[in-house]
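What follows is a single structure, written as structure tokens, with notes after it.
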DNA sequence: CCTTGTGCGGAGACAGCCTCCGCTTTTTTG
DNA sequence: CAAAAAAGCGGAGGCTGTCTCCGCACAAGG
């Protein structure tokens, strides 16, 4: 019942190509955003387009694979955040961490929202998204229990707030100061009124 | 010094083609979002691609021309809003009106932010954007004077909040209820704490 | 009706997405 | 270790979309 056991060892060139593709893709996504030319990625990795599409059938699949590393970083940061004593501060830090994750590549919020929308099990970005929302809800509930956040707010709301802030940040249209004010506005939006600090 | 006086009357077919292009473009932007195929627009308008690009050198130019109608609607709404007595309510209404304007076509926030970024005088979307930000600032200042809004907030912040809400709305990933909660979160973010209503 | 010149439109160059299939490379088998 | 079998490779090519250039047609004015 274990599904597929790897009957044969994976071929050497397969792993090599996959690694080369991921490295090239990361470079291109960083430089050109999530809309980078996949043809160019394949060329830089030294493989044909066919190979790229066999490894990663869609742009989203490639994106999800490249994002894997970042996801692990995020999990690591969760451990750091758990150390902090204040539930309010933990929530704030988590939201910042999530926003940075969304800002990994320019244009990333777009496909992420599309994945969150459809609940499409085929979309490889759906799972990471759901995970993020669930985690946000956990941090939020802790803050609510401590009386630091309005009860009417939902985890999904803060997910939306974080991803839209990342979207604005990714357009490159806004200086860091305005972004800071926007974050402050959101924070005072979910904080309980009689909250102390 | 009046620049160019129209030495010759505009040709009949020019006006006809322009109108046909605008109508076709509006339909396609509505259905397919701002990324709609310009080839298809030209075909539906019954003209060649060359004609389209002569009238509107860039996608943004076409977009700005189509948006002209909506901008006038927005100006009209400003008159309605001015009737309301409460500065706080006026600000709220204005933010909603602006958000609806941003939601005219799916994907519209993207080029709008790009225009707001560059202050590029060549980009035909820059002017409308600046106007919106200025107006937001006026409404906000009135609310601040009345003690209904935090003094630390700037008009540009609320512009960002509105456009990012419209962006989320345009992804189609989110139900109206979550959007309402997000708006409420933003509102309680800029409202003065000791504000009544 | 003719002249003028403005505007038309489609052919075509270019870029990116994605697929299909003959061939090479790797692995397995005798 | 050679030969068969399997697995993966890669590029040619179809498709869609953007944008330009230029010979030609047609509207405006005499």
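The values are calculated or read from the model by the stated rules, or taken from the named source; none is laboratory data. Model, not experiment: these values are computed from the prediction. Don't worry about glycine lacking a Cβ; one is built from the backbone with ideal geometry, like all the others, and counts go over all protein chains shown.
Overview of results
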quantity: Per-region count, the stretch A:127-154, residues within 11 Å of the chain's Cα centre (by Cα) and within 14 Å of another protein chain (Cβ to nearest Cβ); calculated: 4
quantity: Residue check for residue A:41: under 25 Å from residue A:171 (Cβ atoms) and either in a helix (DSSP H, G or I) or over 22 Å from the mean Cα position of the chain (by Cα) (or both); calculated: yes
quantity: Residues of the stretch B:39-51 satisfying the condition of being within 9 Å of DNA strand D (Cβ to nearest atom) and buried (at least 16 other Cβ atoms within 10 Å of the Cβ); calculated: B:41, B:42, B:51
quantity: In the stretch B:7-21, the residues that are over 30 Å from the mean Cα position of the chain (by Cα) and more than 6 Å from DNA strand C (Cβ to nearest atom); calculated: B:7, B:8, B:9, B:12
quantity: Residue B:130 in the same structural domain as residue B:179 (by TED's automatic domain parsing), more than 16 Å from DNA strand C (Cβ to nearest atom) and surrounded by fewer than 17 Cβ atoms within 10 Å (Cβ to Cβ); calculated: yes
quantity: Qualifying residues in the stretch A:9-38 (those that are outside any loop (DSSP other than H, G, I, E, B) and within 8 Å of DNA strand D (Cβ to nearest atom)) - the one nearest to the other protein chains (Cβ to nearest Cβ); calculated: A:18
quantity: Residue A:88, sole failed condition from (1) without any contact (Cβ under 8 Å) to a residue 40 or more places away in the chain; (2) more than 23 Å from residue A:22 (Cα to Cα); calculated: (1)
quantity: Residue in the stretch A:91-110 that is farther than 27 Å from residue A:30 by Cβ and buried (at least 21 other Cβ atoms within 10 Å of the Cβ) present; calculated: yes
quantity: Residue, nearest to DNA strand C (Cβ to nearest atom), within the stretch A:42-82, restricted to residues that are modelled with pLDDT under 95 and out of contact with any helix residue (DSSP H, G or I) (no Cβ under 9 Å at 6 or more places or on another chain); calculated: A:72
quantity: Lone unmet requirement of (1) surrounded by fewer than 19 Cβ atoms within 10 Å (Cβ to Cβ); (2) in a loop (DSSP other than H, G, I, E, B); (3) more than 10 Å from chain B (Cβ to nearest Cβ) for residue A:124; calculated: (1)
quantity: Matching entry among B:74, B:63, B:67, B:21 (being touching a residue at least 24 places away in the same chain (Cβ under 8 Å) and more than 21 Å from residue B:116 (Cα to Cα)); calculated: B:21
quantity: Checklist (1) more than 9 Å from chain A (Cβ to nearest Cβ); (2) under 15 Å from the mean Cα position of the chain (by Cα); (3) closer than 20 Å to residue A:153 by Cα applied to residue B:164, failing item; calculated: (1)
quantity: Test: residue A:54 is more than 20 Å from residue B:173 (Cβ to Cβ) and either within 16 Å of DNA strand D (Cβ to nearest atom) or surrounded by fewer than 21 Cβ atoms within 10 Å (Cβ to Cβ) (or both); calculated: yes
